[in-house]
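First comes the structure, then the notes that go with it.
The values are calculated or read from the model by the stated rules, or taken from the named source; none is laboratory data. All values derive from a computational prediction rather than experimental measurement. Positions of Cβ are backbone-derived with ideal geometry, glycine not excepted, and every protein chain shown enters the neighbour counts.
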Amino acid sequence: MSKTMTAPMTTQRQAPGPQQNLLLGALIGSRDGDTISFYMDLWRKYGDLARVKMGPMAIHLIVNPDHVRHVLVERVDNYPKGMSHDKLRIALGNGLLTSDNPLWKYQRKLMQPTYTPKGIAQFGDIMVDAADQMLARWRVRSNPDAALVVNQEMMRLAMSVISRSTFGLDISEDFKEAGQALMTILEFASARSMSFIDPPLFVPTPMNRRFKQALETIDNFLYGIIHERQRQGPGDDLLSLLMTARDEETGAVMDEKQLRDEVLITFFAGHETTAQLLTWTWYLLSKHPHVEEKLHAEVDTVLNGRQPNLDDVKDLVYTRQILDETLRLYSPVAIMARDPLADDEIDGCLIPGGSMVTIMPFITHRHPAFWDNPEGFMPERFEPAEIKKRPRYAYYPFGAGPRICIGQHFALLEATLVLAELAQHYRLKLVPGLWVEPQFMGTLRPSRDVLMTLEERRA
Ligand code: HEM
């Protein structure tokens, strides 16, 4: 296993990688035009620490658990979210996901208590209710044999959960204009994070125009709600918790612009990721009937036909292992980027300040040194005794270190309750012959719509 170093830097040795400068078109021209296969190929050829030059920029690929710990935990201050996050900042503002110190530290401390398991427990009812609304829609669909577009269904559900939890309104149902504007902004953010050269916002391209219009709509909507809360006093939603969160020393609360940025970022970070997790879970279950059978046995025993609640979560052990294993194979956040400030050394190789690192859970999670049969779907890998056998950072679907996902408890609670509630009523069967690949589009999306038919399990 490799060793990382925190001692003063002496090495000038470069990590292995292609000699030629791959210029900016390299990723686009790679196999399948796909970022994931580009980096997979790089890793297979050059190993755990590979270096690639793209135009003026050197990029290091980080996949080894020791290197992950080095970058995300031990030397986190040297690896901020600098330039690599500029595009997201343009789309979403400067909130928890996109900011660096000192703003990030201040905001994280302020927001952390809101997102503890206890803090988010109050949203469990909304999660179950959203699943029940989906069941009700499924029951009355006009053609019971027609396939559902499961990725869209899960997006609708996750949007309903995040908007009702954030400000008590179902944005996709009751505020369609704002819902549409939000989707436009999220799409713009994903598209920009994938592109190399973007026209500045003042250039009136159709995409820029759509984005600016959507931003105006969503700002009117968000500031409208913030002002209403200020007039009427806080409610029992995430926005109210964020509005009333006070700095321990000064007693200061967030200003309006910061609140707006944090709410927008919560939507971006918390909605599509959870929807992708659920979509991939249904897909994998349909391909692995023996896992599906065990899931059904567990939900039938624990729930016996009634709605799940918070107390059930601890008993839904296999349900959770299925989600953990889905997150291993298809981490919605498959790639993370950082921008080293000063020269550093990893495994005897120079990581120059001003370069970039790409950290890829997608590869770590299938690294044969840490995972037997890496492509196999085996939830039992997440039994406690099995977890203990692996290095801590062989698995990090929610990131690692101080910047670990603040919404992980929220996401896992939502996915567990929704999966259990839907699975006790329906089996989702993939349309025969459909094959879906993971594709990196800001998150790890299915390469085509996931079409599935429903089979009722309980009348
Ligand atoms: C399955 C669902 C989710 C996955 C896989 C996921 C994954 C991640 C990952 C990997 C990071 C770290 C990114 C980095 O270090 O560059 C992150 C950060 C973040 N996530 Fe999530 N996330 C999920 C759901 C959520 C939810 C539901 C919320 C909010 C309700 C949320 C809010 C955030 C925020 C605000 C950050 C930035 C934290 C910081 O830098 O302090 N996420 N997420």
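Quick notes on this one:
Yes/no per residue for (1) surrounded by 20 or more Cβ atoms within 10 Å (Cβ to Cβ); (2) over 26 Å from Arg306 (Cα atoms):
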position: Pro402; (1), (2): no, yes
position: Ala411; (1), (2): yes, no
position: Val418; (1), (2): yes, no
position: Leu444; (1), (2): yes, yes
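- Residue check for Ala214: assigned to a helix (DSSP H, G or I) and within 16 Å of Leu88 (Cβ to Cβ): yes
- Given (1) in a strand (DSSP E or B); (2) within 17 Å of the chain's Cα centre (by Cα); (3) of a type in the set (A, V, I, L, M), number of the condition Met452 does not satisfy: (2)
- Here is the figure for the stretch 315-338: residues that are in a loop (DSSP other than H, G, I, E, B) and farther than 22 Å from Met441 by Cβ total 1.
- Test: residue in the stretch 231-251 that is assigned to a helix (DSSP H, G or I) and over 17 Å from Gln112 (Cα atoms): yes
- Evaluated against (1) within 24 Å of Met83 (Cα to Cα); (2) free of Cβ contacts under 8 Å to residues at least 40 places away in the same chain; (3) charged (D, E, K, R), Asp261 falls short on exactly one condition, (2).
- Members of the stretch 337-356 found to be within 19 Å of Leu97 (Cβ to Cβ) and crowded, with 22+ Cβ neighbours inside 10 Å, listed by number: Arg338
- Considering the stretch 379-397, the residues that are without any contact (Cβ under 8 Å) to a residue 60 or more places away in the chain and hydrophobic (A, V, I, L, M, F, W, C) include one that is nearest to the ligand (Cβ to nearest atom), namely Ile387.
- Test for Phe410: is it within 16 Å of the ligand (Cβ to nearest atom), over 18 Å from Ala121 (Cβ atoms) and among the hydrophobic types (A, V, I, L, M, F, W, C): no
- Total residues in the stretch 109-151 satisfying the condition of being surrounded by fewer than 16 Cβ atoms within 10 Å (Cβ to Cβ) and within 11 Å of the ligand (Cβ to nearest atom): the figure is 2.
- Residues of the stretch 90-108 that are within 22 Å of Arg192 (Cα to Cα), modelled with pLDDT of 90 or more and either touching a Ser or Thr at 6+ places or on another chain (Cβ under 8 Å) or near the ligand (Cβ under 10 Å from one of its atoms) (or both): Gly95, Leu96, Leu97, Thr98, Ser99, Asp100.
- Test: residue in the stretch 273-290 that is closer than 30 Å to Pro379 by Cα, within 16 Å of the ligand (Cβ to nearest atom), modelled with pLDDT under 90 and in a helix (DSSP H, G or I): no
- The stretch 144-190, residues that are in contact with a Gly (Cβ under 9 Å, 6 or more places away or on another chain), under 23 Å from Arg210 (Cβ atoms) and modelled with pLDDT of 85 or more: Ala158, Met159, Ile162, Ser163
- Residue count for the stretch 297-314, restricted to those that are assigned to a loop (DSSP other than H, G, I, E, B) and either within 13 Å of the ligand (Cβ to nearest atom) or among the polar types (S, T, N, Q) (or both): 3.
- Taking first residues from the stretch 89-111 that are part of a loop (DSSP other than H, G, I, E, B) and partners that are more than 11 Å from the ligand (Cβ to nearest atom), the Cβ contacts under 6 Å between residues at least 6 apart in sequence or on separate chains come to Thr98/Arg89.
Results for (1) over 17 Å from Asp261 (Cα atoms); (2) in contact with a His (Cβ under 7 Å, 6 or more places away or on another chain); (3) surrounded by fewer than 17 Cβ atoms within 10 Å (Cβ to Cβ), shown as yes or no for each residue.
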residue	(1), (2), (3)
Phe167	no, no, no
Gly179	no, no, no
Ile197	yes, no, yes
Asn220	no, no, yes
Tyr223	no, no, yes
Asp237	no, no, no
Ser240	no, no, no
Thr244	no, no, yes
Gly251	yes, no, yes
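- Checked against (1) in contact with a strand residue (DSSP E or B) (Cβ under 6 Å, 6 or more places away or on another chain); (2) away from the ligand (no atom under 16 Å from the Cβ); (3) of a type outside the set (A, V, I, L, M), Lys294 passes all but condition (1).
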